[in-house]
1. Compute the acute angle (0 to 90°) between the alpha-carbon long axis of helix 150-159 and the principal axis of greatest extent of the alpha-carbon atoms of the chain; round to the nearest 10°.
2. Please compute the alpha carbon radius of gyration of the chain, then divide it by the globular-protein estimate 2.2 N^0.38 Å. Two decimals is fine.
3. Which of the listed residues, Ala96, Val57, Thr110, is farthest toward the dipole's positive end in the chain, when Lys, Arg count +1 and Asp, Glu count -1 at the beta-carbon?
4. By how many nm would the segment from Ala85 to Ser140 grow when fully extended, if each residue of separation counts as 0.36 nm and the alpha-carbon distance is taken off?
5. Helix 96-105 versus the longest principal axis of the chain: what angle, 0 to 90°, nearest 10, using Cα atoms?
6. Using +1 on the beta carbon of Lys and Arg, -1 on that of Asp and Glu, and nothing else charged, what's the dipole of the chain about the Cα centre, debye to 20?
7. Taking the Kirkwood radius as the inverse of the mean 1/r across Cα pairs, report the Rg/Rh of region 107-228.
8. So between Glu34 and Asp105, what do we pick up on full extension, going 0.36 nm a residue minus the alpha carbon distance?
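The values are calculated or read from the model by the stated rules, or taken from the named source; none is laboratory data. This structure is a prediction, so every number in the text was calculated from the model and none was measured. Heads up, the Cβs are rebuilt from the backbone with ideal geometry, glycines too, and the neighbour counts pull from every protein chain shown. For the accessible areas, the whole protein counts, side chains as well, though only heavy atoms, and no ligand, DNA or RNA atoms are used. Shrake-Rupley method; radii C 1.70, N 1.55, O 1.52, S 1.80 Å.
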Amino acid sequence: MPRVNSVPDPFSAPFHAVLLDMDGTLIDSIAAVERSWVRWCGEYGVDPERLRGFHGVTARHLIEQLLPEELREGAYDRIVEIEVADLDGIEVLPGAAELLGGLRDAGVPTAVVTSSSAPLAEARLRATGLPHPEVVVTASDVERGKPWPDPWLLGARRIGVEPGACLVVEDSVAGLRAALAAGCRGLAAVTSTTPRAELEEHAHLVVRDVGELPLEVAGGLVRVVAGP
């Protein structure tokens with residue numbers, strides 16, 4: 001896999017599209033996620049400590065590491081059911097509504113690319129009232145979710161832009177690695193869920209939240225204008 005620092009000056013040219021992660025990037029759902037998975041672990045006899053290190057990956061991929069094959073499909077259906085029913089405390093992160101609205105108004109192709117299932121992604125977007133991008137790619141849309149590049153590749157394809165012309169915004173190392181493998185040119189990270197030092201190894205730019213992204217948005221293009 002290529003190293004993020006192998007890309008020379010990724011912000012020298014404008015971007016034709018923006019691909020955004022959802023949980024931890026646009027919305028804060030960590031409390032609901034933790035409640036849901038602790039409940040699921042209790043039902044399936046899994047030590048919650050075994051969940052550590054899997055932030056940003058799909059539920060299917062996580063369950064594959066935890067349960068025998070014959071239990072996985074039912075276990076996946078159950079975590080989707082639990083999470084869709086628990087929307088308490090989900091909040092919009094700083095700058096998220098303004099960023100999505102600004103991209104929409106400027107005509108910048110934008111997609112949300114999330115490791116959540118389709119029912120869960122839609123439930124959380126509705127609960128927050130965020131501007132809804134035309135394209136939402138979920139774990140339900142791909143055979144292999146993050147940490148594989150497939151979701152980012154599908155997001156770029158659905159909005160009709162090459163990955164190399166896309167700016168990606170993520171909060172997890174798994175998502176950044178997937179975006180790099182997909183060939184996305186600019187990788188920006190927010191520190192809502194992951195320590196800055198870990199993100200800096202995989203991102204070209206690290207900021208506290210999307211409200212701090214130094215962007216110029218105009219004429220259907222996005223330019224990163226300065227460091228944080």
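1. 50
2. Details: Rg = 16.9 Å, N = 228, 2.2 N^0.38 = 17.3 Å.
Relative to the rule-of-thumb radius for its length, the chain sits at 0.98.
3. The listed residue farthest towards the positive side: Thr110.
4. Using 0.36 nm per residue and subtracting the Cα-Cα distance, I get 18.0 nm.
5. Long axis of 96-105 versus the principal axis of the chain: about 50 degrees.
6. That gives a dipole near 520 debye.
7. For region 107-228, the value is 0.94.
8. 22.1 nm
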